[in-house]
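Here is the structure we will look at, set down as structure tokens.
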Amino acid sequence: MSRPYIPKVVTANALLEGDVVYLTADDRWTRHHHEAELIEDEAHAQLRLLHAAARRAEVVGPYLADAKAGPDGPEPIHFREVFRTRGPSNYRHGKQEAAAL
């Protein structure tokens with residue numbers, strides 16, 4: 001018996017800034033997890049990952065990350081992905097600096 005498919009989002013790092021980014025349904029890269037396309041079909045997820053991998057001038061290291069539907073959009077499941085939504089941990093900059101204002 002096969003396991004049920006866990007929905008995914010496509011994530012990567014922005015090539016120039018290094019920020020964590022997520023692929024949206026309209027083919028934009030966003031820095032907000034809740035704006036990502038929640039992919040509930042395994043074949044479609046593989047196609048979206050191939051599409052992301054072809055965009056080497058924009059991102060590096062694209063992969064599929066488990067996610068679940070939330071009230072405001074996709075939410076990460078694994079602690080690593082929750083951690084990645086918060087930005088770098090070495091000192092305040094980027095998302096952490098904006099949150100401190």
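The values are calculated or read from the model by the stated rules, or taken from the named source; none is laboratory data. Only a predicted model underlies this, so the values are computations on that prediction, with no experimental measurement involved. Glycine gets a Cβ as well: all are built from the backbone with ideal geometry, and neighbour counts include every protein chain shown. Ligands, DNA and RNA are stripped out before the accessible areas are found, and what is left, the full protein with its side chains, is counted by its heavy atoms. Shrake-Rupley method; radii C 1.70, N 1.55, O 1.52, S 1.80 Å.
Set the Förster distance to 25 Å, then compute FRET efficiency between residue 78 and residue 32 from the Cβ-Cβ distance, nearest 0.05. After rounding, the FRET efficiency stands at 0.90. When the range 17-77 is described by a simple charge dipole with +1 on each Lys and Arg Cβ and -1 on each Asp and Glu Cβ, the residue from 67, 50, 32 located farthest towards its positive end is 50. Under 17 Å from a label point 7 Å along Cα→Cβ of residue 15: give me every residue in the range 62-76 with its amide N that close. Of the residues in the range 62-76, 62-63 have backbone N under 17 Å from the label point off residue 15. Among the protein heavy atoms of the chain, carbon and sulfur supply 56% of the accessible surface, probe 1.4 Å, non-protein parts ignored. Computed on the chain, with alpha-carbon pairs under 8 angstrom and 6+ residues apart, the relative contact order is 28 percent. How charged is the neighbourhood of residue 41? Take every other residue with its Cβ under 12 Å from the Cβ of residue 41, and add Lys/Arg as +1 and Asp/Glu as -1. Result for the neighbourhood of residue 41: -1.
Taking square-rooted eigenvalues a ≥ b ≥ c of the alpha carbon gyration tensor, is the chain rounded, prolate or oblate, where a/c under 1.5 means rounded and, failing that, a/b exceeding b/c means prolate? Taking the square roots of the gyration eigenvalues as a ≥ b ≥ c, the chain is oblate. A Förster radius of 30 Å combined with the Cβ-Cβ distance from residue 68 to residue 43 puts the calculated FRET efficiency at roughly 0.95. Between the helical axis of 42-53 and the longest alpha-carbon principal axis of the chain there is an angle of about 40 degrees.
With the highest mean first, a sort of the peptides 31-42, 55-66 on other beta-carbon atoms found within 10 angstrom per residue produces 31-42, 55-66.
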